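Here is the structure we will look at, set down as structure tokens.
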Amino acid sequence: MYDYLIVGSGLYGAVFAHQANEVGKKVLVIDKRPNIAGNVYTENEEGIHVHRYGAHIFHTNNKKVWDYVNRFAVFNRFTNSPVANYKGELYSLQFNMYTFNKMWGVVTPQEAAAKIEEQKKDYIAKKLQERGLPADAPFEPQNLEEQAISLIGTDIYEKLIKGYTEKQWERPCSELPSFIIKRLPVRLTFDNNYFNAMYQGIPVGGYMCFVKLEWSIGTAVGILDRIHPMLPGPNPCDTAWCSCNPGRSLS
């Protein structure tokens, strides 16, 4: 008999199961996928830890959280500093002064801000005119294209956002919702660190080692009605349950 049923075997489920076991509770974790660890699931291929659901870099400003995860794994010193290749031109991502210097030759934050503002102002004025609104009306981006240009200007949008985004989503940026681009950091500093977090890294040995260490005796992991062979089971749970992803269906 189990005290808790957890739907979803990712980091949330692993942490909940571990914390519950530390206070003497038995937990059953189930997941629709044929593997544990959720979106941070990794596989070892010829010594390389492949992130099957996209690269995941753990990052936080909370020392308590960082100390907690380091109980289960050693994290490497990884800084996410992507570089975009546009027709042989290399640009720093996320967008920062290195990007703006390469794009326009500007060397100060003031110059970069003025260039961005100039392009934003011209674009917004054009869109307001198209909508039949006065020039001083507030501009509300209606899609990703409008949101991106209102944040960073036309040059960077055309070179570094539009093509990649449309390839990724397989549809025009003008048909994508505006909120997608709000997660993109923009900094007027010479800092090419994508995350503005004090602590960041990837577990040495991959996330599978990290997640497995969080499961403790008294936890069973099930893939729907099949209990994962790495841990004991099956047994029903009739006391409490927790969904790690309310939008996920197990059918």
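The values are calculated or read from the model by the stated rules, or taken from the named source; none is laboratory data. Here the structure is a predicted model, which means the values were calculated and not measured. Note that we place each Cβ from the backbone using ideal geometry, even for glycine, and neighbour counts take in every protein chain shown.
Observations on the model:
- Exactly one residue out of Glu22, Glu46 is at positive phi and not aliphatic (A, V, I, L, M): that is Glu46.
- Segment 139-150 residues that are more than 14 Å from Lys162 (Cα to Cα), paired with ones that are buried (at least 22 other Cβ atoms within 10 Å of the Cβ) (beta carbon under 6 Å, 6 or more apart): Pro141/Gln147
- Residue in segment 99-115 that is surrounded by 11 or more Cβ atoms within 10 Å (Cβ to Cβ), assigned to a strand (DSSP E or B), at pLDDT 95 or above and touching a strand residue (DSSP E or B) at 6+ places or on another chain (Cβ under 7 Å) present: no
- For segment 172-197, residues that are touching a helix residue (DSSP H, G or I) at 6+ places or on another chain (Cβ under 9 Å) and assigned to a loop (DSSP other than H, G, I, E, B) total 10.
- Pair list, Cβ < 6 Å and 6+ apart or interchain, from segment 66-86 residues that are more than 30 Å from Tyr157 (Cβ to Cβ) to residues that are part of a loop (DSSP other than H, G, I, E, B): Val74/Val204; Asn76/Ile202; Asn76/Val204
- Which numbered condition Tyr68 fails, given (1) among the hydroxyl-bearing types (Ser, Thr, Tyr); (2) part of a helix (DSSP H, G or I); (3) at pLDDT below 95; (4) under 22 Å from Ile181 (Cα atoms): (4)
- Scan segment 116-155 for residues that are of a type outside the set (S, T, N, Q), within 20 Å of Pro185 (Cβ to Cβ) and in a helix (DSSP H, G or I) and the total you get is 11.
- Summed over segment 76-98, residues that are closer than 30 Å to Met208 by Cβ and crowded, with 18+ Cβ neighbours inside 10 Å total 2.
- Counting only residues that are assigned to a loop (DSSP other than H, G, I, E, B), of a type in the set (D, E, K, R) and either closer than 18 Å to Tyr194 by Cβ or out of contact with any Phe, Trp or Tyr (no Cβ under 8 Å at 6 or more places or on another chain) (or both), segment 31-65 holds 2 of them.
- Tyr41 vs. criteria surrounded by fewer than 16 Cβ atoms within 10 Å (Cβ to Cβ) and hydroxyl-bearing (Ser, Thr, Tyr): no
- Condition met for Leu176 (in contact (Cβ under 8 Å) with a residue 24 or more places away in the chain and either closer than 25 Å to Tyr98 by Cβ or buried (at least 20 other Cβ atoms within 10 Å of the Cβ) (or both)): no
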